[in-house]
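A.B. asks: Below is the structure I would like to discuss, written out as structure tokens.
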Amino acid sequence: MLAPMTPPTPAPDSLWRALLTASPGAAAAVSTGVPLARDLDVEVAVIGAGYSGLAAAYALQKRGVDCVVLDANPVGWGASGRNGGVVSSKFRLSFPTIDKLHGLDTAKRMHRLAHDGVRVVETLVDEFQLAGARFEHTGSLRCAHTDTALTAIRAEADWVRTNLGDTSMTAQSRADIERETGSKGFVGGVLSADAGTILPLEYVRGLASGLTLRGVPIYESTPVQQMQRAPGEPRVMLRTPGGTVRAKQVIVATNAYSDLTEATAPYQRELVPFRSAMIATERLPADLDARLMVERRSYTETRRMMKWFRKVDGRMLFGGRDAFGKEGQTTGFDALQRAMVALFPDLADLRVEYRWSGYVGMTFNSLPHVGRSDDATTFCLGYNGAGVAMASLLGQHAAALALGETPELSLLGAPGLRPVPFHSLRAPGVRLVAAWYQFLDAVGA
Ligand SMILES: Cc1cc2nc3c(=O)[nH]c(=O)nc-3n(C[C@H](O)[C@H](O)[C@H](O)COP(=O)(O)OP(=O)(O)OC[C@H]3O[C@@H](n4cnc5c(N)ncnc54)[C@H](O)[C@@H]3O)c2cc1C
């Protein structure tokens, strides 16, 4: 008997959906909603049609491996269709911290992996001809809210230059930040040149469209409800409502939505899912548009529960994380709007036209994980809110692992799945710490 799946919720009414609908092209047409309606035998089955799953499928298709992608929802329903579209070359753990904990050689390898992520996005955009995803390599500006924070991020940029030979991070003065962003709320910052922005839903739909053209079947509305392997049986059986897929290898690419069914729920134990919310204003009046965020970069700030922002379609997009929030809740949006107006008082009278949220997968060591949970199953997840580039990269590395290859993974390589008690003890602790950070930020400490 298959466990029933919680009925899927519709994709949120985001700015990305509005932009996609307004430009009906090949990428928009890919969401056929076609579920699997027969039994299949394949080499590799990929569960999840976000960046991770689609990047994995592309790596398999390029090697001539017969594969299929299954998703409980339409392509890009998960975080890949909801995120801020910031393409970044960093981990939540800074490179100096990685050096302190694991040594310089590891910091160098991790630095290479972080920048590989951006290269993969560039390559995919190029190979799939995704002009509609509007990838712009404009850089990312980290804006310091206090002198202490500024000293810390400048020291990090210096360390990266001196020890890793990376000159792409440069210090910016208070005046630079004010001129570029139009906000007086920051005391200075650091520009990371190897970063950019993209339209996230166009990107994920474009990948799916390109894969379909290359002959990779993608079945939507196809939840994997059971994943089983009988003793002595080399193939894994994936049961879905409309058919069974028998695969030699499975790649689980379900990240912070892994608990949609019991079959993938064990992968949620690797994570503490946090709600991340976004708002987008109405179009800015011409004078504000000419003054705010003139370089069209992405912007983050240094508060513990960081907010980020960018300008898209002439609108301000503003996002942030929430320690205890649940998806679909309306709370949190007003707090975001207040935070936005505190930084940009000129936006006080602007209407917020779009509000949406989704789950990011935080991990206990603040790093993404890719690994094998057994000899027939590979997973990649836990991008800690920075998965546009990293999921595009780790999906490809998951495909390589599934084929028995040994890609360079450094600290991202996971030994297997986490045991249950470990998760149940630590997850509430992570949330409490985040809530404490939220409180400290709120009181300005
Ligand atoms: C609001 C928000 C803002 C963000 N902003 C940024 C940003 O600006 N920059 C950045 O780099 N990252 C950002 N992120 C993180 C980034 O979006 C994710 O790291 C990335 O999209 C993860 O991709 P994925 O393919 O691994 O997972 P997802 O895109 O979440 O895809 C998982 C898929 O698995 C499917 N699924 C789950 N269980 C099953 C099952 N049993 N059977 C079949 N299908 C199943 C789901 O339907 C879903 O489509 C943000 C995330 C959110 C939510």
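Bear in mind these aren't lab numbers, they're just calculated from the coordinates by the rules spelled out. Everything numeric here is computed off the predicted structure, so don't read it as measured data. For neighbour counting, all protein chains shown are included, and Cβ atoms are generated from backbone atoms with ideal geometry for every residue, glycine included.
A.B. asks: Could you estimate the translational diffusion coefficient of the range 145-250 from the Stokes-Einstein equation, with Rh from the Kirkwood formula over C-alpha pairs, at 20 °C and 1.002 mPa s, in whole µm²/s?
C.D. replies: Calculated translational D: 112 µm²/s.
A.B. asks: So for THR21, THR151, THR300, fewest C-beta neighbours within 10 Å to most, what's the order?
C.D. replies: Ascending number of Cβ neighbours within 10 Å: THR21, THR151, THR300.
A.B. asks: Lysine pairs in the chain 8 or more apart or on different chains: how many have alpha carbons under 23 angstrom apart?
C.D. replies: Taking the chain as the scope, the lysine pair count is 9.
A.B. asks: Still on this model: Compute the separation of the alpha-carbon centres of the range 139-171 and the range 253-308 and state it in Å as a whole number.
C.D. replies: Taking the Cα centre of the range 253-308 as reference, the centre of the range 139-171 is 22 Å away.
A.B. asks: So what is the 222 nm mean residue ellipticity for the chain from helices alone, if each DSSP H run of at least 4 adds -39500 (n - 2.57) and you divide by all residues, rounding to the nearest 500 deg cm²/dmol?
C.D. replies: After summing the helix terms and dividing by the residues of the chain, the value is -10500 deg cm²/dmol.
A.B. asks: Test of understanding: ordering CYS380, CYS67, CYS143 by Cβ neighbours within 10 Å, fewest first, what list do you get?
C.D. replies: Taking fewest neighbouring Cβ atoms as first place, the list is CYS67, CYS143, CYS380.
A.B. asks: Å³ per residue of the Cα convex hull, for the range 68-120?
C.D. replies: Expressed per residue, the convex hull around the Cα atoms of the range 68-120 is 126 Å³.
A.B. asks: Another question, then. Would you calculate the volume per residue, in Å³, of the smallest convex hull containing every Cα atom of the range 245-299?
C.D. replies: Here the figure is 183 Å³ per residue.
A.B. asks: So what is log10(I(q)/I(0)) for the chain at q = 0.11 1/Å, when the Debye sum runs over its Cα atoms only?
C.D. replies: -0.83
A.B. asks: Take every Cα pair under 8 Å in the chain that's 6+ residues apart, average their separations, divide by the length, and report that relative contact order as a whole percent.
C.D. replies: In percent, rounded to a whole number, it is 23.
A.B. asks: In which sequence would HIS111, HIS145 go, from the one with the fewest C-beta neighbours within 10 Å to the one with the most?
C.D. replies: Ascending number of Cβ neighbours within 10 Å: HIS145, HIS111.
A.B. asks: A further question on this structure: So if I average 1/r over every pair of distinct C-alpha atoms in the range 271-418 and take the inverse, what Kirkwood radius in Å does that give?
C.D. replies: 17.3
A.B. asks: Now for a separate question. Let me check the size of the range 166-321 from its C-alpha atoms; what are the radius of gyration and Dmax in Å?
C.D. replies: Taking only Cα atoms of the range 166-321, I get Rg and Dmax of 22.2, 69 Å.
A.B. asks: While we're here: Relative to the compact-globule scaling 2.2 N^0.38 Å, provide the ratio for the alpha-carbon radius of gyration of the range 91-158.
C.D. replies: 1.43
A.B. asks: A follow-up question, please. If I take every Cα pair under 8 Å that is 6 or more residues apart in the range 135-242, average their sequence separation and divide by the length, what percent do I get for the relative contact order?
C.D. replies: 27 percent.
A.B. asks: Let me have the relative contact order for the range 49-178, percent, based on Cα pairs under 8 Å that are six or more residues apart.
C.D. replies: 17
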